[in-house]
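The values are calculated or read from the model by the stated rules, or taken from the named source; none is laboratory data. Keep in mind it's a predicted model, so treat the numbers as computed, not measured. Note: ideal-geometry Cβ built from the backbone for every residue, glycine included; neighbour counts use all protein chains shown.
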Amino acid sequence: MAIRLVIVIDKESMVLKRSLVLIMIGIVEWGLAQFAPDTSAVNAQIHSIAEGVRAKFCPDKRTAVWSMTPRWQGDVLFIEGETSNAEAREEFYGQVKATLKEINAKYQVVLMPEETIGENSYGIVINSVENLRSGTSVFKDLVTQTLRGLPVRILKAEDDYFLVRTDDGYLGWVEDDRLQTGNAEFLRDWLNCEKVVYTAIEGMIYSAPRRKARPVSDVVMGNRLKLIERKRRWTKVAIPDGREGFVHTRELTAEKEYLARRPEPVRILETALMMLGRPYMWGAASPKAFDCSGFTQSVFRQNGLLLLRDASMQVTEGVAIDTAGFPLKLKPADLLFFGRNSQRITHVGLYIGDYQFIHCSGRVRINSFNPEDENYSAFLRRRLQAVRRVINE
């Protein structure tokens with residue numbers, strides 16, 4: 001739209017001149033506004049598309065990154081954000097382009113880790129137990145833990161922290177000096193090297209093959225270690241960061257044998273009962289301490305089955321067991337889920353049999369559904385919402 005305004009005034013009338021200039025600018029801006037997009041309406045459309053794509057591809061923020069923000073610069077729309085799902089980004093771009101054909105848009109959604117970390121996006125955990133937090137500070141909440149020798153995918157780096165995805169799919173922030181990092185070849189080398197798994201609850205790696213030797217590091221159930229030399233009493237191993245030491249041979253199992261384990265109810269309950277008295281800690285998932293779902297995940301991991309991380313996730317696994325005539329249809333090692341209602345699962349335990357179940361609440365303990373038992377829990381009996389069987393018969 002072209003607008004011409006010709007003004008003839010006395011050069012000494014500065015006040016009038018300034019006033020007319022402001023009027024002219026206002027007229028021009030008004031004219032341009034008639035052709036500018038309704039940014040609020042466009043933003044609403046973008047948010048609607050983003051929410052639909054999120055619900056389809058990245059429904060759980062515990063396992064996927066998805067954030068989109070529209071920003072206007074004049075009549076140019078910049079769509080900024082980040083995601084860990086390439087398919088979601090392409091779907092989002094396609095829907096926006098099809099819906100807002102007349103909009104001049106610049107797409108700046110970052111894909112993790114390809115556009116944040118690059119090739120060196122793999123890490124191997126160094127410490128026996130590693131904490132993952134909700135943000136880049138030790139003051140942020142503990143969200144989960146992972147174990148030495150397990151791989152993580154590094155999604156981005158910020159403030160001396162990495163945002164990583166663990167082997168169970170969970171996301172969290174870990175300090176960047178807690179991992180050995182490298183590219184895909186680095187990961188293959190670690191995965192393919194001969195390893196052993198620590199299968200006692202917890203112990204030490206020693207600098208020499210004797211228990212009075214100086215320690216190299218602690219070690220806990222589920223830790224992976226590179227095998228250097230196995231002897232009858234002591235096995236020489238290497239931690240992912242290159243430190244070497246000795247572990248008693250009877251506390252180790254070859255990784256191939258460990259991964260070939262198939263979950264059996266008797267073995268699962270044996271493992272669970274070994275943890276009696278271990279303390280509760282929110283976000284913990286190692287033999288040093290557990291939360292409720294960290295306990296069940298650790299027990300099943302030790303027996304060849306990796307469950308999802310949280311109780312609200314684990315309730316989707318396996319098959320539902322009819323609770324009519326409870327507990328007649330239950331079998332040992334069935335998962336028990338508790339909460340205010342079936343849509344809000346907040347606790348999980350393991351059925352032992354004869355009304356007894358084991359769970360981590362305050363500590364790993366055994367309670368009963370039978371009112372005549374001393375360890376009866378009326379509270380948990382009222383809140384039992386579901387039973388799932390995850391072991392194939």
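Annotation note: of 174, 196, 247, the sole residue that is within 30 Å of residue 111 (Cβ to Cβ), β-branched (Val, Ile, Thr) and in contact (Cβ under 8 Å) with a residue 40 or more places away in the chain is 174. Of the residues 168, 159, the single one that is touching a Lys or Arg at 6+ places or on another chain (Cβ under 8 Å) and surrounded by fewer than 19 Cβ atoms within 10 Å (Cβ to Cβ) is 168.
Among the helices (runs of 4 or more DSSP H) confined to the stretch 1-101, the ones with at least 2 residues that are β-branched (Val, Ile, Thr), at pLDDT below 90 and surrounded by 11 or more Cβ atoms within 10 Å (Cβ to Cβ) are located at 14-33. For the stretch 189-203, filtering for residues that are farther than 12 Å from residue 252 by Cβ and polar (S, T, N, Q) leaves 1. Note on the stretch 314-331: among residues that are surrounded by 17 or more Cβ atoms within 10 Å (Cβ to Cβ) and out of contact with any Asp or Glu (no Cβ under 8 Å at 6 or more places or on another chain), the one that is farthest from residue 363 (Cα to Cα) is 318. Of the conditions (1) surrounded by 15 or more Cβ atoms within 10 Å (Cβ to Cβ); (2) more than 15 Å from the chain's Cα centre (by Cα), residue 146 fails just one. Which one is it? Residue 146 satisfies every listed condition except (2). Of everything listed in (1) touching an Asp or Glu at 6+ places or on another chain (Cβ under 7 Å); (2) farther than 30 Å from residue 280 by Cβ; (3) of a type in the set (S, T, N, Q); (4) surrounded by 14 or more Cβ atoms within 10 Å (Cβ to Cβ), the single unmet condition for residue 136 is (2). Scanning the stretch 196-230 for residues that are over 20 Å from residue 275 (Cβ atoms) and β-branched (Val, Ile, Thr) gives 196, 205, 216, 228. When residue 129 is tested against (1) assigned by TED's automatic domain parsing to the domain that holds residue 86; (2) at pLDDT 95 or above; (3) among the β-branched types (Val, Ile, Thr), exactly one condition is not met: (1). Residue 140 meets the conditions (1) closer than 23 Å to residue 244 by Cα; (2) touching a Phe, Trp or Tyr at 6+ places or on another chain (Cβ under 9 Å); (3) in a loop (DSSP other than H, G, I, E, B); (4) in contact (Cβ under 8 Å) with a residue 24 or more places away in the chain in every case but one. The failed one is (1). Residues that are more than 22 Å from the chain's Cα centre (by Cα) and among the aliphatic types (A, V, I, L, M) within the stretch 293-328 comprise 319, 320, 321, 324, 328, listed in sequence order.
Taking each residue of the stretch 207-231 that is not assigned by TED's automatic domain parsing to the domain that holds residue 246 and looking for partners that are assigned to a loop (DSSP other than H, G, I, E, B) and exposed (fewer than 12 other Cβ atoms within 10 Å of the Cβ) with beta-carbon atoms closer than 8 Å, six or more apart or interchain, yields nothing.
Here is a yes/no grid of residues against (1) more than 15 Å from residue 54 (Cβ to Cβ); (2) within 23 Å of the chain's Cα centre (by Cα); (3) among the aromatic types (Phe, Trp, Tyr); (4) not assigned by TED's automatic domain parsing to the domain that holds residue 66:
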{"site": "85", "(1), (2), (3), (4)": "no, yes, no, no"}
{"site": "93", "(1), (2), (3), (4)": "no, no, yes, no"}
{"site": "100", "(1), (2), (3), (4)": "yes, no, no, no"}
{"site": "138", "(1), (2), (3), (4)": "yes, yes, no, yes"}
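In the stretch 346-356, the count of residues that are among the small types (Gly, Ala, Ser), more than 24 Å from the chain's Cα centre (by Cα) and under 18 Å from residue 271 (Cβ atoms) is one or more.
Note on the stretch 295-312: residues that are over 16 Å from residue 392 (Cα atoms), surrounded by fewer than 22 Cβ atoms within 10 Å (Cβ to Cβ) and either touching a residue at least 40 places away in the same chain (Cβ under 8 Å) or touching an Asp or Glu at 6+ places or on another chain (Cβ under 6 Å) (or both) total 1.
Checked against (1) more than 25 Å from the chain's Cα centre (by Cα); (2) closer than 17 Å to residue 272 by Cα, residue 373 passes all but condition (2).
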